[in-house]
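A.B. asks: My questions will all concern the structure given below.
Please treat every number below as a calculation from the coordinates, not as lab data. Please read these numbers as outputs of a predicted model, since none were measured by experiment. For neighbour counting, all protein chains shown are included, and Cβ atoms are generated from backbone atoms with ideal geometry for every residue, glycine included.
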């Protein structure tokens with residue numbers, strides 16, 4: 001069988017949020033992104049309040065949750081994973097652990113689990129590649145997509161929001177490995193023409 005003839009497409013289905021409420025609780029949910037390649041892929045599944053928006057946005061692409069082939073979880077924090085249950089026919093991929101651990105693939109419809117090759121640079125669908133980007137968590141991965149507009153990196157919380165484009169913006173050292181975070185941020189900035197952050201809309205990378 002020949003390769004898929006079109007470049008991959010990236011579409012944000014739900015824009016994630018990360019802001020403080022008046023009662024000092026955190027309003028939080030990840031951005032949810034659709035990749036159209038030879039496989040239909042969702043990256044991160046957001047918070048419960050995004051469920052209807054995800055379904056509606058998929059409908060705009062003539063898709064339902066049952067049409068999705070693969071779900072990639074950039075890491076396992078709850079704000080990035082809550083709606084995973086929607087995608088009943090998908091293979092659910094996550095790194096699960098850092099280092100050399102290869103990753104996991106869950107197939108909920110069959111009730112099974114197996115090892116997955118989520119090695120750095122691995123092509124999991126045509127024009128869709130895994131990037132290891134630890135720092136926020138040890139198992140953090142991002143997804144690089146070759147599109148007709150250039151390279152799009154769906155960063156997860158390797159770049160939580162657009163303000164992290166500035167190297168002066170540093171993460172909380174209590175919550176993450178700052179040295180690894182900065183290495184991963186630089187790795188993304190070297191290759192990305194556009195970035196989908198963990199919490200926010202897609203934006204263009206301004207090259208110096």
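A.B. asks: Multiplying the sequence separation of residue 162 and residue 6 by 0.36 nm and subtracting their Cα-Cα distance, what value in nm do you get? Can you show the working numbers first?
C.D. replies: Numbers: separation 156, 0.36 × 156 = 56.16 nm, distance 2.88 nm.
Roughly 53.3 nm would be gained on extension.
A.B. asks: Compute the FRET efficiency between residue 97 and residue 48 as 1/(1 + (r/R0)^6), taking r as their Cβ-Cβ distance and R0 = 30 Å, and round to the nearest 0.05.
C.D. replies: With a Förster radius of 30 Å, E is 0.70.
A.B. asks: Can you sort 97, 53 from fewest to most other Cβ atoms within 10 Å of each residue's own Cβ?
C.D. replies: Ranking 97, 53 by Cβ neighbours within 10 Å, fewest first, gives 97, 53.
A.B. asks: By DSSP, what percent of the beta bridges with both residues in the chain are antiparallel, rounded to the nearest 5?
C.D. replies: Details: 34 of 45 bridges.
Around 75 percent antiparallel, to the nearest 5.
A.B. asks: While we're on this one: With the alpha-carbon atoms as the only input, what is the per residue convex hull volume for region 105-208 in Å³?
C.D. replies: Taking only Cα atoms, region 105-208 has a hull volume of 125 Å³ per residue.
A.B. asks: Fewest first, what order do 106, 75 take by the number of other Cβ atoms within 10 Å? Don't skip to the answer; put the middle values down first.
C.D. replies: Values: 106 20, 75 24.
Least to most surrounded, the residues fall as 106, 75.
A.B. asks: At a 10 Å Cβ-Cβ cut-off, how would you order 194, 164, 101, fewest neighbours first? Before the final figure, lay out the partial values.
C.D. replies: Values: 194 17, 164 23, 101 13.
Ordered by Cβ neighbours within 10 Å, fewest first: 101, 194, 164.
A.B. asks: Taking 0.36 nm per residue of sequence separation and subtracting the Cα-Cα distance, how much length would be gained by fully extending the chain between residue 193 and residue 56, in nm to one decimal?
C.D. replies: Roughly 46.5 nm would be gained on extension.
A.B. asks: Counting pairs of alpha carbon atoms under 8 Å apart in space and at least six apart in sequence, what relative contact order in percent does region 9-204 give?
C.D. replies: Normalised by residue count, the contact order of region 9-204 is 18 percent.
A.B. asks: What shape does region 9-204 take by its C-alpha gyration tensor, where a ≥ b ≥ c are the square roots of the eigenvalues and a/c under 1.5 counts as rounded, a/b above b/c as prolate, and the rest as oblate?
C.D. replies: Details: a/c = 1.34, a/b = 1.18, b/c = 1.14.
Taking the square roots of the gyration eigenvalues as a ≥ b ≥ c, region 9-204 is rounded.
A.B. asks: Something else now. Report the Cα centroid-to-centroid distance between region 169-208 and region 48-124 in angstrom, as an integer.
C.D. replies: A separation of 22 Å, based on Cα centres.
A.B. asks: Quick check: pseudo-label points 7 Å beyond the Cα along Cα→Cβ at residue 67 and residue 183, how many nm apart are they?
C.D. replies: Computed distance between label sites residue 67 and residue 183 equals 4.1 nm.
A.B. asks: If R₀ is 30 angstrom, what is the calculated FRET efficiency for the pair residue 26 and residue 138, using the beta carbon separation as r and rounding to 0.05? If you can, show how the numbers build up before the last one.
C.D. replies: Details: r = 22 Å, r/R0 = 0.75.
About 0.85, to the nearest 0.05.
A.B. asks: Is the C-alpha gyration tensor of region 84-151 telling us rounded, prolate or oblate? Criteria: a/c under 1.5 is rounded; beyond that, a/b larger than b/c is prolate, otherwise oblate.
C.D. replies: In terms of gyration-tensor shape, oblate.
A.B. asks: Take each of the peptides 195-206, 173-184, 109-120, average the number of other beta-carbon atoms within 10 Å over its residues, and list them starting from the highest.
C.D. replies: Descending mean neighbour count gives 195-206, 173-184, 109-120.
A.B. asks: Could you grab the relative contact order for region 116-208? Cα pairs under 8 Å, six or more apart, rounded to a whole percent.
C.D. replies: The value is 27 percent.
A.B. asks: Now a separate question. In nm, to one decimal, how far is the modelled label at residue 172 from the one at residue 88, with both set 7 Å along Cα→Cβ?
C.D. replies: 3.8
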